[in-house]
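See structure below.
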Amino acid sequence: MAIIKTENLTYVYGDGTPFRKVAVDNVDLEIENGEMVGVIGHTGSGKSTLIQHFNGLLKPTSGSVYIDGERLWDDKAKLRPVRFKVGLVFQYPEYQLFEETCYKDIAFGPKNMGLDNAEIDRRIKETARMVGIGADVLDKSPFELSGGQKRRVAIAGVMAMEPQVLILDEPASGLDPKGRDQILGLIREYHQQKKNTVLLVSHSMEDIAKHTTKILVMNKAKLFCYDDTVKVFHRAKELEEMGLAVPQITRVFNRLRSMGIQFDDDVYTTKYAKELLMRLLADK
């Protein structure tokens, strides 16, 4: 059964006013449990509005959203427990840190779930280790930390609720290359350990290609496609026509193809590109 399902999902901003804008238009989607999904689309495509429906932050103008088989908004009293199933990390989450210590900040979500102190402590320490936050850092004020460390603490606060679905909106935005790799690496390790569903929203096609197994593409408020990563990047021309770039390495290999050098598969990561080139050179 799909962990996330939408049926004819539509959301309109400013309905009934001169500023009416359809942000999500009749989207039908099913995301299976355990997937690592990249979410892409140009600015204004509707991707951020779409993901905010998955934990009930936005109520559909029409259509339905199901989380783990349960239809949202049928009963407002059931929204709270559903929101614990879907953790949403907004862009620049470190701006939402507010507690005296990192320990208390990570504890905020689990406390709201009504967990006992022993379980909260377990989750804090386990999640801190997972994101590379040492025990000595937990007693520090989050405002004493570097930007990358703050980002880890903020993400840990959502992970500590152990959601069935973790959604991250541009989690590496604004970080230097080293910090970017570290954050994306810990998200991938989290997914591998927990075996839950992760949605990664990003403008970086390289990051999407490297870390996801499926890609959801939004275009002009509509779902353009939802498919395996390699199949989506195979549609490079269509992606470019809607203002999206494919990974640079894909463009390089497409150019090589146009020059008459043939490859058995599409190339969208540098690691696979290296393997193909080594094979090609070994055959010469």
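Here are the numbers for this structure:
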{"read-out": "Most to least packed among 64-76, 11-23, 48-60 [average Cβ atoms within 10 Å]", "value": "48-60, 64-76, 11-23"}
{"read-out": "Ordering of 181-190, 164-173 by packing [mean C-beta count within 10 Å, highest first]", "value": "164-173, 181-190"}
{"read-out": "Value at 222 nm in deg cm²/dmol, rounded to 500, when DSSP H runs of n ≥ 4 in the chain each add -39,500 (n - 2.57)", "value": "-11500 deg cm²/dmol"}
{"read-out": "Over 28 Å between alpha carbons, listed pairs 125/150; 85/214; 21/104; 59/104", "value": "21/104; 59/104"}
{"read-out": "Square roots of 5 times each gyration tensor eigenvalue, C-alpha, region 2-236, largest first, Å", "value": "29, 21, 17"}
{"read-out": "Separation of alpha-carbon centers, region 222-237 and region 94-124, rounded to whole Å", "value": "38 Å"}
{"read-out": "Neighbour net charge for residue 82 - beta-carbon separation under 9 angstrom, K R +1, D E -1", "value": "+2"}
{"read-out": "Value of relative contact order over the chain, rounded to a whole percent, pairs C-alpha under 8 Å and six or more apart", "value": "22 percent"}
{"read-out": "Region 70-87 and region 162-177: distance between their alpha carbon centers, rounded to Å", "value": "22 Å"}
{"read-out": "Estimated inter-spin distance, residue 33 and residue 203, nm [label 7 Å along Cα→Cβ]", "value": "3.6 nm"}
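Quick note: the coordinates plus some simple rules give every number you see, no bench work behind them. Please read these numbers as outputs of a predicted model, since none were measured by experiment. Using ideal geometry, Cβ is built from the backbone for each residue, glycine included, and neighbour counts are taken over all protein chains shown.
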